[in-house]
Every structure is written in structure tokens, then in C-alpha cells.
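The values are calculated or read from the model by the stated rules, or taken from the named source; none is laboratory data. Just so we're clear, the structure is a prediction, and the values are computed from it rather than from any experiment. Cβ atoms come from the backbone with ideal geometry, glycine included; neighbour counts cover every protein chain shown.
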Amino acid sequence: MKFEFMATYGLVFFGPLSVILAVSAFGEELTTQSVLFIALGHGGAIALMVYAFGHVSGAHINPAVTIPMIITKKIGVADGIGYIIFQLIGAVAAAATLWAIVPELGAKVNFATQGGPSELINNSVSSAFAIEAILTFFLVLVIFMTAVHKKASPGLHGFSIGGMVFLIHLVAVPLTGASVNPARTFGPALISGFWEFHWLYWAAPILGGIIAGVLMNYIYVKPAEKEA
């Protein structure tokens, strides 16, 4: 469980820091450069944390990943709850660290929290919910098919999962802020006090993750386990 703390700390340190630095370098208006910078920051952090801790904890780094793992019995309920608790603690610790290091820049961008539905989707909560759910669906799909599936090519899961996170941020930062991870949103929200639309970044990723985990497990993962 302590590994989930460190892995989530890594994501919530480097991910929001990439947002803060993008604002400092490119301005508050999103540009191609800033979106690429943010996407690389999050995708790179996830890929490296998966390679660093995947072999000891599975490197879930995300309650929306752990909950489907509990439902599909890839992890026990007690361990799963422990994972989520340590993910949240790691996220808060990383956000607190960033606040101490760069308080002025952090406050300027609501400490890198996801700000809710953007004007590109007409500030629609239902559209933002659908986007976050669908993106998390594909994230969990990639996790189950590269890190859980018995026939997956070894050694590529970190690159694949990090690549999916990169793609998610590339397309969704301008739409919803691209959370797909309740812990990633919770840490900065707690430290900054910015709670608007917070429920969305829990409900949508968890729903999308559960649907993906159940489908991938029973359609692909379990049949492969029976063949093994």
C-alpha cells in the first residue's frame, strides 16, 4: 500500500507541476505548446511510476482503477480500500509539497485543479461527465489488456498506459481538464479549497472504469486465464 502512496505522489507532483509551469511559460490561455507540455507531464509520470512500482503494487495510482480491480476480484476488498486511502494521502501530500514550493503560481491556476466543463463543450456538465467516463473507460481498458491480461506482451504496459494518459490529456485538457482520476483531482482540491464540479471527477471516472473493467475481465481476461 505504501507503494501506492509513492506512485500517486509522483503523479500528483509532476502532473500539476506541468500545469503550473505551462501557465508560467505559455500563459493562462491554452496553446498547442501548453497542452503538449501538460500531456507529456502526466503521461510521462504515469509511465515511469508504472515501471517503478507496477511489479510490487500493480501501480493503480487511481481509485477509478482500483475499484474495477476489486469488483473483478483482482485485489481483495480490504487491500483495495487501503490502496485508495494511500492514493488519496499521496495526492494530498504531493499537492501540499507543490503549494509550499510554488504558492503564487499554484494559486494562480487554482492549484492545477480540473475546472469543470469548458466553453468548447458549452459548459455542459453532461458532456463533461460523458467525456470523463469514456476516457476512463479507455484508460482502464488499456490497463486490463496490457497489465492484467495473461497474454499481453511483457514490458510494454508502462509505455501503453502512459501513452493512453498522454492521449487523454492531449484531447481532454481543453474540454474538462482531463482528470480520469479522483485522487489526481482530490489532492489539489483539498489544498487549494477549489471544490467546484468535484463530484464529477469522482463519479464519471469511477463509472467509466467499472464498465471497462467488468467488460474486459469477462470478455477477454478470464477466458485467457482459463486457457493458461
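When GLY116 is evaluated against the numbered criteria (1) at pLDDT 95 or above; (2) among the small types (Gly, Ala, Ser); (3) touching a Phe, Trp or Tyr at 6+ places or on another chain (Cβ under 9 Å), which criterion, by number, is the only one it fails?
Condition not satisfied by GLY116: (1).
Check every one of the helices (runs of 4 or more DSSP H) wholly within the range 134-228 and list those with 2 or more residues that are over 19 Å from SER57 (Cα atoms) and over 14 Å from the mean Cα position of the chain (by Cα).
Details: elements: 157-172, 182-192, 200-216, 222-227.
Passing ranges, in order: 182-192, 200-216, 222-227.
Please find, within the range 177-224, the residue that is surrounded by the most Cβ atoms within 10 Å (Cβ to Cβ) out of those that are among the aromatic types (Phe, Trp, Tyr) and under 30 Å from LYS150 (Cβ atoms). Give the derivation first.
To start, the set of residues in the range 177-224 that are among the aromatic types (Phe, Trp, Tyr) comprises 186, 194-195, 197, 199, 201-202, 218, 220.
Pick out the ones that are also under 30 Å from LYS150 (Cβ atoms) and you get 218, 220.
On the way: TYR218: 11, TYR220: 17.
This residue is TYR220.
If a residue has to be among the hydroxyl-bearing types (Ser, Thr, Tyr) and at pLDDT 95 or above to count, how many in the range 186-228 make the cut? First the steps, then the outcome.
Looking only at the range 186-228, we keep the residues that are among the hydroxyl-bearing types (Ser, Thr, Tyr), and these are 192, 201, 218, 220.
Restricting the remaining residues to those that are at pLDDT 95 or above gives 201.
Number satisfying all stated conditions: 1.
Under 6 Å between Cβ atoms, at least 6 apart or on separate chains: pull out the pairs that start in the range 69-81 with a residue that is among the polar types (S, T, N, Q) and end on any residue that is in a helix (DSSP H, G or I).
Short answer, once both residue conditions are applied: THR72/GLY213; THR72/ASN217.
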